[in-house]
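Beneath this line is the structure, given in structure tokens, with notes to follow.
The values are calculated or read from the model by the stated rules, or taken from the named source; none is laboratory data. Everything numeric in this text was worked out from a predicted model, so none of it was measured. Cβ placement follows ideal geometry from the backbone for every residue including glycine, while neighbour counts extend to all protein chains displayed.
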Amino acid sequence: MDGWQTQVVTAAAAEIAPQWRLSVVLPAYNEQQAIQRVLGELVEVLSDEPVRYEILVIDDASTDETAARAEEFARACWQCPIRVIRCRERRGAGAARKQGIRQARGEIIVMLDADGTYPAESIPKLLAHFPAYDQVNGARTSEQGSLPWLRRPAKWFIRKLACYLTGHRIPDLNTGLKAFRREEMLRWLWVVPDGFSCVTTMTLAFLANGYAVKYVPTPYRPRIGRSKFHPAKDTLAYLSTVLRMVLYFRPLKVFLPLSGLMIAAGMAKSVLSFTCTGSMQESDIVIMVAGFMTCMLGLLAEVIVAHHRR
């Protein structure tokens, strides 16, 4: 793929088989302080699990020693194959995750951040819910990110909006710890953005299309190294992602309330105009017609979405 260079590093005692039960995808950008620790925790935990697994480190053109340290760990690891996939240019967290999903060999993919925030001990708890569920997410029990006074209300509002639009209870909308069926996720990679709101999109794509999704409480630790979260930019990205995904999959959830509000406003203004002047005004009719047109647009969008689901 243009912009990517793949380097394969395998464990000395293992050969890559054509199919693996589990693939762990670690997107990483400038995580040299944490990468070897995270890899060590993964190998220690998964070596006790009765599954065949591989680990993929997707280096998003780091400017530090992230890729080199991951490759150093891979050469010394004998428990499992570890592949380090280098990106020639930085394309974003979503692009790295999509590359990892395409390169993975496992039927089930586990995805987590490479900054040490999610404990590897939580992964077996997620895997225990397969094959009953299509996606299992680790719902964080605490907020350890930077600027919590800003992040918490913004996340609460966006999460509540997503709950309304999807019709599901979502305890953690943008968790980076996920396990899902690779085959199903491949169908929806086209909606996953290259940027920071990618994990939100992965969750909403499954919820909005009727997949079985479960949340498992998981601890959340302070990250190792400096946070890359941008308060204004990334919060707006989360909000736009929720609205975009619902327009993709549940357009009437947006258009129908908006239409009803406009029609109600037009009727209320008509009553007020008739009371004050004895007749309706042109603006009253314009508002109500706009409401009906919005409803028709929503119905048309719903038909298009239903057609593409077939």
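Only residues that are out of contact with any Lys or Arg (no Cβ under 8 Å at 6 or more places or on another chain) and over 25 Å from residue 94 (Cβ atoms): list them for segment 20-45, please.
Answer for segment 20-45, where residues must be out of contact with any Lys or Arg (no Cβ under 8 Å at 6 or more places or on another chain) and over 25 Å from residue 94 (Cβ atoms): 40, 43, 44, 45.
Taking segment 175-206 as the region of interest, how many residues are at pLDDT 95 or above and either closer than 14 Å to residue 92 by Cα or aromatic (Phe, Trp, Tyr) (or both)?
Qualifying residue count, segment 175-206: 1.
Out of 153, 124, 193, 217, report the one residue that is surrounded by fewer than 20 Cβ atoms within 10 Å (Cβ to Cβ) and assigned to a loop (DSSP other than H, G, I, E, B). Walk me through it before giving the result.
On the way: 153 fails: assigned to a loop (DSSP other than H, G, I, E, B); 124 fails: assigned to a loop (DSSP other than H, G, I, E, B); 217 fails: assigned to a loop (DSSP other than H, G, I, E, B).
Going through 153, 124, 193, 217 in turn, the sole match is 193.
Mind checking which residues of segment 30-88 are among the aromatic types (Phe, Trp, Tyr) and without any contact (Cβ under 8 Å) to a residue 40 or more places away in the chain?
Across segment 30-88, the qualifying residue is only 73.
Would you say residue 278 is outside the structural domain of residue 166 (by TED's automatic domain parsing), farther than 28 Å from residue 190 by Cβ and without any contact (Cβ under 8 Å) to a residue 12 or more places away in the chain? Walk me through it before giving the result.
Numbers: outside the structural domain of residue 166 (by TED's automatic domain parsing): yes; farther than 28 Å from residue 190 by Cβ: yes; without any contact (Cβ under 8 Å) to a residue 12 or more places away in the chain: yes.
So residue 278 passes the test.
Among what's in segment 86-104 and is over 21 Å from residue 46 (Cα atoms) and outside any helix (DSSP H, G or I), pick the residue that is farthest from the chain's Cα centre (by Cα).
Step one: list which residues in segment 86-104 are over 21 Å from residue 46 (Cα atoms), which gives 86-96, 98-99, 102.
Still in the list and also outside any helix (DSSP H, G or I): 86-92.
Working: 86: 21, 87: 20, 88: 23, 89: 22, 90: 19, 91: 16, 92: 13 Å.
Among those that are over 21 Å from residue 46 (Cα atoms) and outside any helix (DSSP H, G or I), it is 88.
Yes/no matrix, rows are residues, columns are (1) at pLDDT 90 or above; (2) touching a strand residue (DSSP E or B) at 6+ places or on another chain (Cβ under 9 Å); (3) polar (S, T, N, Q); (4) under 19 Å from residue 168 (Cβ atoms):
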position	(1), (2), (3), (4)
208	no, no, no, yes
219	yes, yes, no, no
242	no, no, no, yes
248	no, no, no, yes
261	yes, no, no, no
269	no, no, no, no
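Quick check on my filter: what residues within segment 18-70 are farther than 12 Å from residue 80 by Cβ and part of a strand (DSSP E or B)?
Of everything in segment 18-70, those that are farther than 12 Å from residue 80 by Cβ and part of a strand (DSSP E or B) turn out to be 25, 26, 27, 28, 57, 58, 59.
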